[in-house]
Protein chains: 2
Amino acid sequence: MRFTSEQRLDDGVLERGFTLGEIPGILWTPGSASAPAPLILLGHPGGLHKMYPRLVARAQHSAAEGFAAATIELPWSGDRPRSAAAQEARADLRRALEAGEPVDDEIVDRLVLPLVEKAVPEWRAALDALLSLPEIGGPVGYAGGVIAIGIRLAVVEPRISAALLFAGSFVPRILFEEARQVTIPLQVLLQWDDEGNDRQMALDLFDTFGTKEKTLHANMGGHTGVPQFEGDGNRFFARHLK
Amino acid sequence: MRFTSEQRLDDGVLERGFTLGEIPGILWTPGSASAPAPLILLGHPGGLHKMYPRLVARAQHSAAEGFAAATIELPWSGDRPRSAAAQEARADLRRALEAGEPVDDEIVDRLVLPLVEKAVPEWRAALDALLSLPEIGGPVGYAGGVIAIGIRLAVVEPRISAALLFAGSFVPRILFEEARQVTIPLQVLLQWDDEGNDRQMALDLFDTFGTKEKTLHANMGGHTGVPQFEGDGNRFFARHLK
């Protein structure tokens, strides 16, 4: 991991850009931290530049409660090289949605599974690097979309102790099955009136998670209208990461 | 309203028993209140003695955030006179449940509608009396079951500014219709794994509420296992009553 930029935000939070091999990322650490801070990995749908305003707001809310936060660019997003297969799957998805057709499992698999397969090891490598910094301690939480990435991480990465998952993206059948194996505490956010989201699928997925300590928070406000009081998950992470 | 008892709890909260005509009730006020406190009405399924441990815990959590809390006995519960019609409806309900039969709308109507018709004016009379006390100010919230009572109160009582409703009791069709008229902020608690609860009905009811500012919190833990971090609704009421 190599730091490429550093700035102090208004509230004292230290924001540092980094690269991990070819992967760009951002680390935010609280302005005043006496001990190594617990870490929240900020998931997002890809495109760090575009997502930056929302990510920095989430990071600053987390830092206010003493959490460090970090994110990395997703494969084939932002400034990273594109994948022809991913672009084709995305075009097929768009065609199905525009035609008002149901989206084939096959399209969802082509779109999401390669992303999960590539992104999860990258998140784990980022975790290795971040946890080697003296200012970062455990435990670690994952917060955000892509929910399929969150599910796989929750199953395979024992250093992740709790996850706040944003319902809404497409979930391949195989990850539905993996959801049964999730045993860490979960909070699932669902935008109830998000027309682009399959509400029943989100409720079924919540039901499927194997953990006994799961909470669903459904709110109004449309796809991007997650209320500010929900978005950071600070109370949830304070219960499980401190 | 006549105060009948008074005690100071460990945390300084003042607990006073009262009667309003023939109706017993309890009022809790924060130990240190500089200004009139906003008030939370604590709904419950009836039986103040039996419910006392849970009610006092909720009241103490609310008082810690500066809220007063109050409750009254439901009609035909606790030490109040019984209703033959209500006992008959309850027996019919029990028979249907024990036989594993679907519960007729007609039984639900006989069980719940007279309760709503009688309890709601009593809650409003209690509100008149409570708001006349110098230590109680507005605004007012309603928290708890019976959800049908909460719906009617939210529709007819303009002094109630926000409601935290516990899903789980039977809801007559007519109150489903009234739910469309609810426009105050709502938080609905649903115990996801409560076998005695019709989960789909609770989700349908949440969908029906007319208010744009509604949040559903679903948790595990069975019928009586509402997690402590949910039960008081302090964050919700802090947003809407302060």
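Placing dummy labels 7 Å off each Cα toward the beta-carbon, the span from A:Ala33 to B:Leu131 is 4.9 nm. Name the residue farthest towards the positive end of the dipole of the protein assembly as shown from the options A:Pro139, B:Ile72, A:Thr224, assuming +1 on Cβ of Lys and Arg, -1 on Cβ of Asp and Glu, about the Cα centre. Looking along the dipole axis, the top candidate is A:Pro139. Averaging the Cα positions of each part gives two centres, and for the range A:49-93 and the range B:90-120 these lie 51 Å apart. Taking the C-alpha atoms only, the angle from helix B:147-156 to the longest principal axis of chain B is near 60 degrees.
With each label modelled as a point 7 angstrom along the Cα→C-beta vector, the A:Thr4-A:Ser83 pair spans 2.1 nm. The calculated FRET efficiency for A:Arg239 paired with A:Tyr52, based on their beta-carbon distance and R0 = 35 Å, is about 0.80. Where the centroid of each part is defined by its Cα atoms, how far is the range A:157-199 from the range B:128-148 in Å? What the calculation gives is 38 Å, centre to centre.
Contact order, relative form, for chain A: 16 percent (alpha carbon pairs under 8 Å, 6 or more residues apart, mean separation divided by residue count).
At R0 = 60 Å, how high is the FRET efficiency between A:Lys118 and B:Gln181 if r is their beta carbon distance? Nearest 0.05 is fine.
Numbers: r = 50 Å, r/R0 = 0.84.
After rounding, the FRET efficiency stands at 0.75.
Count the net charge of all other residues whose Cβ sits under 13 Å from the Cβ of B:Ala86, scoring Lys and Arg as +1 and Asp and Glu as -1. Local net charge: +2. For a straight C-alpha distance cut-off of 28 angstrom, the lysines reachable from B:Lys118 (same-chain residues fewer than eight places away being disregarded) are B:Lys50, B:Lys214. The calculated FRET efficiency for the pair B:Glu98 and B:Glu195, based on their C-beta separation and a Förster distance of 22 Å, comes to about 0.95.
Using only helices, what value at 222 nm comes out for the protein assembly as shown when you add -39,500 (n - 2.57) per DSSP H run of length 4 or more and divide by the total residues, to the nearest 500 deg cm²/dmol? Working shown, then result.
On the way: 16 runs with 196 residues, N = 484.
After summing the helix terms and dividing by the residues of the protein assembly as shown, the value is -12500 deg cm²/dmol.
A simple charge model with +1 on the Cβ of Lys and Arg, -1 on the Cβ of Asp and Glu and nothing else charged puts the dipole of chain A at about 600 debye relative to its Cα centre.
Each value in this text was obtained by applying a stated rule to the coordinates, not by laboratory testing. Keep in mind the model is a prediction, meaning the values are calculated, not measured. For neighbour counting, all protein chains shown are included, and Cβ atoms are generated from backbone atoms with ideal geometry for every residue, glycine included.
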